[in-house]
Amino acid sequence: MIVDRDRIRKLLIYIFIALFLFIAIFSWLSSPILYLIDSFTTEILSSSHNIILSILFWMGANFSRPLISFILTLICAFLLWGNNFKIPAAWFLFTMIGSMLAEMILSLITPWPLPVSKPSSIDRSFPSLAVLMTFLLIQFFFVIVVPEFNKRAKKVKNRTIAIIILWLVLVCFAVVAYRYNTISDVFAALFFGYAWFLLSEEFYYNYARIFVRLKIFRGSWI
């Protein structure tokens, strides 16, 4: 089973939900301290950079768009399903779609203040949807793909892990540099994303063996 029992998983869910709510409440109340931190980091990251950093930020801001992440989700789910990982594919797909719906609901029900100098053509996403989906894609990579690396491919495995972690960091900085989100949006996405992923892992562990009995999932690896 790709998801094992973890006794501290539920505790971590509560901790990261609390961290997310902490940022959400302070953001909703337009906390002066949070505003100062957001403004400071936005001005630093959006100031003029050398050509290499500018290209990297452009890549991070544009290749992490939710539409691209959603297309990658569909491709990965299709490949998993085709290789008889039907239940992991469904788990992967519904976790990603659920995170998008949850972010949409949060954005609709609460009037979050707009970040400093945010482009008028872009609505605020709280938490940052680009960071949220990138983070979840990486989490699934660690759970589903990383364990499949051969022990002899340890160097390749470590380099791959380093690259995807650096990519996540780049996306976090890039969305702030392009004023799509603030640093509080980014941290909210990381906290919410981890809590959401842990919750989905708990669901998978508890119900995967039940779903495998259904005709559509029969014979699937779990």
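Let me know the charge dipole size of the stretch 1-89 about its Cα centre in debye, to the nearest 20, where only the beta-carbon of Lys, Arg (+1) and Asp, Glu (-1) is charged.
On the way: 6 positive and 4 negative charges, 92 e Å.
Dipole about the Cα centre, nearest 20: 440 debye.
Treating the angle as unsigned and between 0 and 90°, give the value, to the nearest 10°, between the Cα long axis of helix 9-28 and the longest Cα principal axis of the chain.
20 degrees
By how many nm would the segment from Ile51 to Ile8 lengthen if fully extended, with 0.36 nm per residue of separation less the alpha-carbon distance? It would help to have the intermediate numbers written out before the result.
Numbers: separation 43, 0.36 × 43 = 15.48 nm, distance 4.45 nm.
So the extension gain works out to 11.0 nm.
Calculate the dipole size of the chain relative to its Cα centre from +1 charges on Lys and Arg beta carbons and -1 charges on Asp and Glu beta carbons; express the result in debye to the nearest 20. Please report the intermediate quantities before stating the final value.
Values: 19 positive and 10 negative charges, 220 e Å.
For the chain, the charge dipole is close to 1060 debye.
Place the peptides 163-172, 88-97, 178-187, 4-13 in order of packing, highest mean first, counting for every residue the other Cβ atoms within 10 Å and averaging per peptide.
Highest-to-lowest ranking by the protection proxy: 178-187, 88-97, 163-172, 4-13.
Once the piece of chain linking Ile33 and Leu74 is laid out straight, how much longer is it, given 0.36 nm per residue of separation minus the C-alpha distance between them? Mind showing how you got there, number by number?
On the way: separation 41, 0.36 × 41 = 14.76 nm, distance 3.98 nm.
Contour length minus the Cα-Cα distance gives 10.8 nm.
Please determine, in degrees from 0 to 90 and to the nearest 10, the orientation of helix 129-140 with respect to the longest principal axis defined by the Cα atoms of the chain, where the helix direction is its Cα long axis.
Once rounded, one gets 30 degrees.
Give the angle, between 0 and 90 degrees and rounded to the nearest 10, that separates the Cα long axis of helix 32-46 from the longest principal axis of the Cα atoms of the chain.
The answer is roughly 90 degrees.
In the stretch 123-169, what is the volume of the convex hull around the alpha carbon atoms, normalised per residue and reported in Å³? Intermediate values should be presented prior to the final figure.
Numbers: hull volume 2.5 nm³, N = 47.
Hull volume over Cα atoms, normalised by residue count, gives 54 Å³.
Roughly how many Å is it from the Cα centre of the stretch 160-222 to that of the stretch 1-74, as a whole number?
12 Å
Starting with the highest mean, order 193-201, 33-41, 126-134 by the number of other Cβ atoms within 10 Å, averaged over the residues of each peptide. Before the final figure, lay out the partial values.
Details: 193-201: 21.4, 33-41: 15.0, 126-134: 27.1.
Ranking, from highest mean packing down: 126-134, 193-201, 33-41.
For the charge dipole of the chain, defined by +1 on Lys and Arg C-beta atoms and -1 on Asp and Glu C-beta atoms about the Cα centroid, which residue among Gly219, Phe70, His49 has the Cα displaced farthest towards the positive pole?
Gly219
Readers should treat all values here as calculations from the given coordinates under stated rules, not as data from a laboratory. Just so we're clear, the structure is a prediction, and the values are computed from it rather than from any experiment. Neighbour counts are summed over all protein chains in view; Cβ atoms, including those assigned to glycine, are modelled from backbone coordinates with ideal geometry.
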